[in-house]
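This report concerns only the one structure given below.
The values are calculated or read from the model by the stated rules, or taken from the named source; none is laboratory data. Just so it is clear, the model here is predicted, and its values are computed rather than measured. A quick note on method: Cβ atoms are made from the backbone with ideal geometry, for glycine too, and the neighbour counts reach across all protein chains shown. Side chains included, ligands, DNA and RNA excluded: accessible areas come from the protein's heavy atoms. Shrake-Rupley method; radii C 1.70, N 1.55, O 1.52, S 1.80 Å.
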Amino acid sequence: MKLHHLIKTIIMVKTSTTQKSQSETSYAPGIASGDSMLSSFFEDELKDIYWAEKNIVKTLPKMKKAATSEKLQQAFEDHLQQTQTHVERLEKAFELMGKKAQAKKCDAMAGIIEEGKGIIEETEKGTATRDVGLILAAQKVEHYEISTYGGLAQLATTLGLNDVADLLKQTLNEEKETDELLTEIAETDVNYEAATEEE
């Protein structure tokens with residue numbers, strides 16, 4: 001009887017130790033501290049996309065002016081208003097983190113914007129071909145933003161910044177919707193018209 005009791009006690013102790021070990025090593029969202037390297041990296045990337053959004057606000061009116069299709073002009077106008085909201089959301093994200101909203105030059109977005117300017121210079125005014133180029137340039141912007149906001153939202157969750165993650169996810173969804181709209185304009189209108197234009 002004593003031997004049976006001893007074996008039972010050993011099993012209970014081993015089980016308890018295993019459970020404790022698993023508990024100590026299990027991952028939980030929000031595990032990173034506020035002064036961790038990951039936290040600093042996240043803040044740095046937030047500054048990067050903040051710069052990008054502020055510069056997109058300056059660029060969209062030029063893209064609208066260069067566009068010929070009324071649908072495309074309206075899409076650029078609508079996205080300008082939306083992008084202004086994205087800037088405000090990022091400022092709110094910094095505020096929630098107890099940080100001052102600061103912009104750091106985003107080399108990737110600077111390059112994409114410069115490429116967009118080149119498309120305007122290299123295509124003929126009033127043509128559907130220019131509109132095709134503008135849509136392509138705009139979608140490069142959207143795809144960069146989609147990947148950035150997707151990654152940042154995941155990092156915010158990891159850092160336990162759930163309110164910040166929610167803001168980033170809102171913007172992520174809107175960027176996806178804009179990308180889909182641009183594809184629709186290209187597929188139902190602009191691309192076909194451009195295909196009939198002669199040099």
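For segment 57-93, filtered to residues that are in contact with a Lys or Arg (Cβ under 7 Å, 6 or more places away or on another chain), in a helix (DSSP H, G or I) and touching a residue at least 12 places away in the same chain (Cβ under 8 Å), the residue that is nearest to Asp131 (Cα to Cα) is Ala66.
Of the residues in segment 2-24, not one is open to solvent by less than 70 Å² (accessible area, probe 1.4 Å), under 30 Å from Thr158 (Cβ atoms) and at pLDDT 50 or above. Of the helices (runs of 4 or more DSSP H) lying entirely inside segment 101-199, those carrying at least 1 residues that are under 25 Å from Tyr50 (Cβ atoms), open to solvent by 50 Å² or more (accessible area, probe 1.4 Å) and of a type in the set (Gly, Ala, Ser) are 128-158. For His79, are the conditions met, namely being within 18 Å of the chain's Cα centre (by Cα), buried (at least 16 other Cβ atoms within 10 Å of the Cβ) and farther than 20 Å from Glu114 by Cα? In short, no. Might you let me know whether segment 160-174 holds any residue that is closer than 14 Å to Leu72 by Cβ and either in contact (Cβ under 8 Å) with a residue 40 or more places away in the chain or among the basic types (Lys, Arg) (or both)? No. So, Lys47, is that one surrounded by 10 or more Cβ atoms within 10 Å (Cβ to Cβ), modelled with pLDDT of 95 or more and basic (Lys, Arg) or not? So Lys47 fits the description; yes.
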